[in-house]
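Engineer: Sharing a structure, written as structure tokens. Questions coming.
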Amino acid sequence: MLSRKNKLLLFKLLSLFSVVRGYNILVITFAQYLASIYILSPNIPLRKVVLDVNLFLIVTASALTIASGYIINNFYDAEKDLINKPTKSMLDRLVSQRFKLTTYFILNFLTVFAASYISFKAVLFFSAYIFGIWIYSHKLKRIPFVGNLVSSTLAIAPFFVVFVYYQNFQTVIFVHALFLFLLILAREMIKDLENMAGDLAQNYKTIPIIYGAGVSKSIITSLIVLTLVPALLLIKSFDVGYMHYYFMACVALLILFLILLWKAEGKRHYVWLHNIIKFIIVVGVFSILLIDVDVVLNRIL
């Protein structure tokens, strides 16, 4: 049996894991490696990509920056989260605000330290990334639509840095990126509907609060319709192997999403809609393996 002290330590570790959303970081790390192996460098031997020290440092720096970003976002949103996410918020509060800030600065230092082993340009990029997350959490997230746009841009930044590293400028990669960006932007808009109670209490000027849920739903509908464009292009105009089945399923799910969106009336419904988009994104990460199953098997075997 664990002692009371050990139980408290375990709960604090779980609290810190909750604050930095460790599960999200693991998915993003996995996605960066899969994108590097099967999309950005398909002709480079698997072993060479996996053992690439620079890629490892890029992924590590990305993970550290994202973790610190979740911490500073949690720090500024502490009061709002008490209303929107009371259960998670109580778990997060097992770790003090002072400890969170200390961890935030340590993670940022480690990020720059890791980036310094890559290049000076990497240091500049990750420094800008850290600043972008802070200014978003502190100021920009309160500005209607600008906050959503910046948040979505920051979310795809880890993939942008890997894309630049491999210097792969194929059109299909831009179409993939557009699909992901629009999907994330729609998710950010859904989160505003989901978090209306806390945003209203903390005087956040989000689109549903200023213009109403109807306007917010119309914007989300437009984003989903736009998302269908790259999805259909990836099915019809590009060779994405068996991954075209994933995009076909996405089209069906997004149409269902739109139907449910206009029937949604409360937070519970918006949480379901948020989870649908999250499901599409997570499944999309693993679907990268379907681009060329033969290549996947050959590179593993």
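Engineer: By its C-alpha gyration tensor, with a ≥ b ≥ c as the square roots of the eigenvalues, how is the chain shaped: rounded for a/c under 1.5, else prolate for a/b larger than b/c, else oblate? Provide the component values of the computation, followed by the final result.
Structural biologist: Numbers: a/c = 1.68, a/b = 1.11, b/c = 1.52.
Here the chain falls in the oblate category.
Engineer: Sticking with this structure for a sec: Can you tell me the dipole magnitude for the stretch 14-167 around its Cα centre, using point charges on the Cβ only (Lys, Arg +1; Asp, Glu -1), in Debye to the nearest 20? Provide the component values of the computation, followed by the final result.
Structural biologist: Details: 13 positive and 5 negative charges, 34 e Å.
Computed charge dipole of the stretch 14-167: roughly 160 debye.
Engineer: Here's another thing I want to ask about it. Give me the percent relative contact order of the chain, please, defined on Cα pairs under 8 angstrom at least 6 residues apart.
Structural biologist: Details: 314 pairs, mean separation 59.8, N = 301.
Relative CO of the chain lands at 20 percent.
Engineer: In addition: For the chain, which DSSP H helices look membrane-span-like by this rule: Cα extent along the axis of 18 Å or more and mean Kyte-Doolittle of at least 1.6?
Structural biologist: Details: long enough: 4-19 (22 Å, 0.71); 22-35 (20 Å, 1.18); 53-76 (34 Å, 1.35); 97-116 (29 Å, 0.77); 120-138 (27 Å, 1.25); 146-166 (30 Å, 1.65); 171-194 (35 Å, 1.49); 213-236 (34 Å, 1.81); 243-263 (30 Å, 1.95); 267-287 (29 Å, 0.89).
Going by DSSP H runs, the hits are 146-166, 213-236, 243-263.
Engineer: State the extension gain, in nm to one decimal, for the chain segment bounded by Phe169 and Val53, taking 0.36 nm per residue of separation less the distance between their alpha-carbons.
Structural biologist: Working: separation 116, 0.36 × 116 = 41.76 nm, distance 2.24 nm.
So the extension gain works out to 39.5 nm.
Engineer: Of the listed pairs Lys141/Lys205; Lys85/Lys267; Lys191/Lys263; Lys100/Lys267, which have alpha-carbon separations greater than 18 Å here?
Structural biologist: Details: Lys141/Lys205 9 Å; Lys85/Lys267 11 Å; Lys191/Lys263 16 Å; Lys100/Lys267 29 Å.
Correct reply: Lys100/Lys267.
Engineer: So, one more: Can you figure out the FRET efficiency of Val229 with Ala201, using R₀ = 45 Å and their beta-carbon distance, to the nearest 0.05? Provide the component values of the computation, followed by the final result.
Structural biologist: On the way: r = 37 Å, r/R0 = 0.83.
Efficiency at R0 = 45 Å is approximately 0.75.
Read-outs throughout are calculated quantities, based only on the coordinates presented, and are distinct from any laboratory measurement. These figures come from a predicted structure and were not determined experimentally. Positions of Cβ are generated from backbone atoms using ideal geometry, with glycine treated the same way; all protein chains shown enter the neighbour counts.
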